[in-house]
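Notes follow once the structure below has been shown.
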Amino acid sequence: GRHGAVGLEPAGSPMIVCKFGGTSVGDSAAIARTVGIVRSKLEREPVVVVSALAGTTNRLIELAEHAAKGDLIVALAICEELRARHLATITELIGDHASHDDVAAETGAMFDELAHLAEALSVLAHLTPRSHDAVASMGERLSAPIVAAAMAKAGLPAVFVDARRVMITSEDFGRGEPLTDDIAIACRAALAPLLREGKVPVLGGYIGSTRAGVTTTLGRGGSDYSASLFGAAMDAEAIEIWTDVDGMLTADPRVVSGAQLIGHIRFDEAAELANFGAKVLHPSTIAPAVKKGIPVFVFNSRKPEGTGTRITFDAPRTPVRAIAGKTRTVVVKIRSPRMLATPGANADAKVKHWLE
Ligand code: ADP
Ligand code: ASP
Ligand code: MG
């Protein structure tokens with residue numbers, strides 16, 4: 001049902017969440033495709049969640065690491081490379097539009113902030129989880145206003161909303177735990193009125209803030225999780241994950257050629273695949289959707305006419321659904337009679353030494 005918790009603003013009429021991953025906003029051509037997809041969804045009242053431009057978060061983390069190591073020159077070079085890429089994307093998308101100068105100026109100001117952060121890190125010569133998040137969050141802080149401006153230029157009633165106002169998390173920097181009650185209250189206050197006015201809110205995924213307003217992130221790949229948290233907060237009819245493959249496949253297509261599309265899969269199977277390494281979904285994405293019984297779809301933004309994957313409670317059972325794998329994982333098997341009834345044996349310094 002579409003009933004909310006006591007004291008919450010009603011979620012309003014049925015709406016959907018459409019999340020676009022890094023490759024779906026990777027350059028001006030990809031953003032233009034994304035704008036077209038959102039246009040085709042307007043009557044379903046979409047809330048749009050976007051990742052950083054493909055590769056940006058990796059570069060930002062490299063920037064932070066170089067700065068903290070004292071390689072300020074390298075860090076600032078990465079900052080300027082990202083600045084040029086974002087400004088070029090803005091020019092390609094809205095170069096001839098009245099909003100261009102404002103968006104370019106805001107983007108420039110964020111890059112000035114990023115350069116200051118790099119300088120601060122190089123002076124401190126130290127990277128804390130909190131300052132890591134200040135830098136890593138920059139990708140989605142940059143991408144969401146750019147996508148919103150591209151939509152507005154294309155005639156869509158898009159409105160940028162800073163996700164940090166609504167994605168409230170614990171203070172576990174680098175892996176903020178979403179505070180779902182706070183998120184529901186903030187989402188309904190900030191997003192429901194926009195939807196009622198026929199607007200399309202555009203938010204960055206992955207980023208949030210503590211109750212005190214300090215920027216956090218949900219962990220790598222967390223934009224999927226943002227989308228499902230917003231969907232659950234708003235009692236969405238559907239959560240759509242738009243990415244660079246046709247849907248959830250029987251294996252990672254980068255590893256197994258000939259992997260096949262899974263048309264329909266159960267929540268628990270999808271969650272298990274995600275947990276065991278199927279990068280197409282962040283491992284936490286399914287839980288908020290399951291709680292509210294909201295179907296999750298995975299679609300290819302390069303092939304919007306595709307049927308994608310539908311994730312629900314009731315897909316038909318099959319003996320083997322898919323294969324997932326994790327790289328850079330070591331399994332260590334320890335057998336020792338002296339470990340019997342010795343709680344904490346694994347934490348012992350000697351055991352730790354072998355493990356390292
Ligand atoms: P996005 O930037 O859109 O979030 P990701 O790179 O995070 O995209 O996830 C999509 C990628 O997940 C695909 O390109 C694919 O290589 C990988 N992947 C791994 N396992 C699977 C799977 N079982 N089905 C589909 N894609 C998978
Ligand atoms: N940009 C973030 C990352 O690369 C979040 C995401 O894309 O899902 O981890
Ligand atoms: Mg992803």
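The values are calculated or read from the model by the stated rules, or taken from the named source; none is laboratory data. These numbers were taken from a predicted model, which means no experiment stands behind them. As a convention, Cβ positions derive from the backbone with ideal geometry for all residues, glycine included, and neighbour counts pool all protein chains shown. Protein only, heavy atoms only, side chains kept; ligands, DNA and RNA dropped before computing areas. Shrake-Rupley method; radii C 1.70, N 1.55, O 1.52, S 1.80 Å.
Considering the conditions (1) in contact (Cβ under 8 Å) with a residue 12 or more places away in the chain; (2) within 26 Å of Ala148 (Cβ to Cβ); (3) assigned to a loop (DSSP other than H, G, I, E, B), Ala104 is excluded by exactly one of them, (3). Of the residues making up the range 97-116, one or more are under 26 Å from Ser226 (Cβ atoms), open to solvent by less than 40 Å² (accessible area, probe 1.4 Å) and polar (S, T, N, Q). On the given criteria, is Arg59 open to solvent by 10 Å² or more (accessible area, probe 1.4 Å), more than 26 Å from Gly221 (Cβ to Cβ) and either under 22 Å from the mean Cα position of the chain (by Cα) or within 16 Å of ligand 3 (Cβ to nearest atom) (or both)? The answer is no for Arg59.
Within the range 328-356, residues that are within 25 Å of Phe276 (Cα to Cα) sit with their Cβ atoms under 7 Å from residues that are modelled with pLDDT of 75 or more, at 6+ positions apart or across chains, in these pairs: Leu355/Val332. You will find that of Ala227, Ala270, the residue that is more than 28 Å from Glu43 (Cα to Cα), open to solvent by less than 30 Å² (accessible area, probe 1.4 Å) and not in a strand (DSSP E or B) is Ala270 and no other. A single member of Ala324, Ala287 is at pLDDT below 95, closer than 20 Å to Arg220 by Cβ and open to solvent by 20 Å² or more (accessible area, probe 1.4 Å), and it is Ala324. Scanning the range 275-291 for residues that are in a helix (DSSP H, G or I) and near ligand 3 (Cβ under 10 Å from one of its atoms) yields no hits at all. Ala190 fulfils the conditions (1) within 16 Å of ligand 1 (Cβ to nearest atom); (2) open to solvent by less than 20 Å² (accessible area, probe 1.4 Å) except for a single criterion, (1). If the condition is being more than 30 Å from Val320 (Cα to Cα) and within 13 Å of ligand 2 (Cβ to nearest atom), then the range 217-249 contributes Thr217, Leu218. State the number of residues belonging to the range 60-98 that are part of a helix (DSSP H, G or I) and farther than 21 Å from Ile146 by Cβ. Looking only at that region, the number is 13.
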